[in-house]
1. Of all the residues that make up segment 53-64, how many are open to solvent by 60 Å² or more (accessible area, probe 1.4 Å) and of a type in the set (Phe, Trp, Tyr)?
2. Kindly indicate whether any position in segment 87-96 is open to solvent by 40 Å² or more (accessible area, probe 1.4 Å), touching a residue at least 60 places away in the same chain (Cβ under 8 Å) and in contact with a helix residue (DSSP H, G or I) (Cβ under 8 Å, 6 or more places away or on another chain).
3. Which one is nearest to Ser27 (Cα to Cα) among residues in segment 100-118 that are modelled with pLDDT under 95 and either of a type in the set (Lys, Arg) or surrounded by 20 or more Cβ atoms within 10 Å (Cβ to Cβ) (or both)?
4. Out of the residues in segment 5-31 that are hydroxyl-bearing (Ser, Thr, Tyr) and either modelled with pLDDT under 95 or in a strand (DSSP E or B) (or both), which is nearest to Cys95 (Cα to Cα)?
Amino acid sequence: QVQLVESGGGLVQAGGSLRLSCAASGSIGSIRSMGWYRQAPGKQRELVAQISSGGTTNYADSVKGRFTISRDNAKSTVYLQMNSLKPEDTGVYYCYAEVRRVLSVSSSNYWGQGTQVTVSS
C-alpha cells in the first residue's frame, strides 16, 4: 500500500503565505512525478503544480510567480510554498504521487486526503 498524508493548510489573509507538505509512505519503489491539485466548491479539480523526478516543474498560469513546488526525495515528500495568496486560491488542495511500488515495473497515481486552504479578503 501507498499512503499520502497532507499538512499545512489553514486560514490566511490575502497577501499571506502558506506551505503545504505531503509525505508518501508504504511500499514505494520510486516516485516519478508529484504535485498538487485544488478544487473549489462548484468547480472542477484543477492542476496547480507538478514536479518530475528530475526536478522539472509545471504550474498553472494563475499561480506562476507566486507558488513554488519542491520535493525531498529522501523523505518522499512534496511541498507547495504559496506566497501572495489571493481569495481565489481558496479550495481543497490534494497532493498526488506517481509511484512505482516495490516489486512492480509499472506506476500508479496515489492521492492525499486533501487539506483546506482558505484565503480571506
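The values are calculated or read from the model by the stated rules, or taken from the named source; none is laboratory data. Since we're looking at a predicted model, the values are computed, not measured. Please note: Cβ atoms are built from the backbone with ideal geometry, for glycine as well, and neighbour counts cover all protein chains shown. Accessible surface areas use protein heavy atoms only, side chains included; no ligands, DNA or RNA. Shrake-Rupley method; radii C 1.70, N 1.55, O 1.52, S 1.80 Å.
1. Matching residues across segment 53-64 total 0.
2. no
3. Selected residue: Arg101.
4. Ser21
Yes/no matrix, rows are residues, columns are (1) at pLDDT 95 or above; (2) under 22 Å from Gln13 (Cβ atoms); (3) in contact with a Leu (Cβ under 8 Å, 6 or more places away or on another chain):
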site	(1), (2), (3)
Gly42	no, no, no
Arg66	yes, yes, yes
Lys86	yes, yes, no
Tyr93	yes, yes, yes
Ser121	no, yes, no
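Results for (1) open to solvent by 30 Å² or more (accessible area, probe 1.4 Å); (2) out of contact with any Lys or Arg (no Cβ under 8 Å at 6 or more places or on another chain); (3) within 17 Å of Arg66 (Cβ to Cβ), shown as yes or no for each residue.
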residue: Leu4; (1), (2), (3): no, yes, no
residue: Ser7; (1), (2), (3): yes, yes, no
residue: Ser30; (1), (2), (3): yes, no, no
residue: Trp36; (1), (2), (3): no, yes, yes
residue: Ile51; (1), (2), (3): no, no, yes
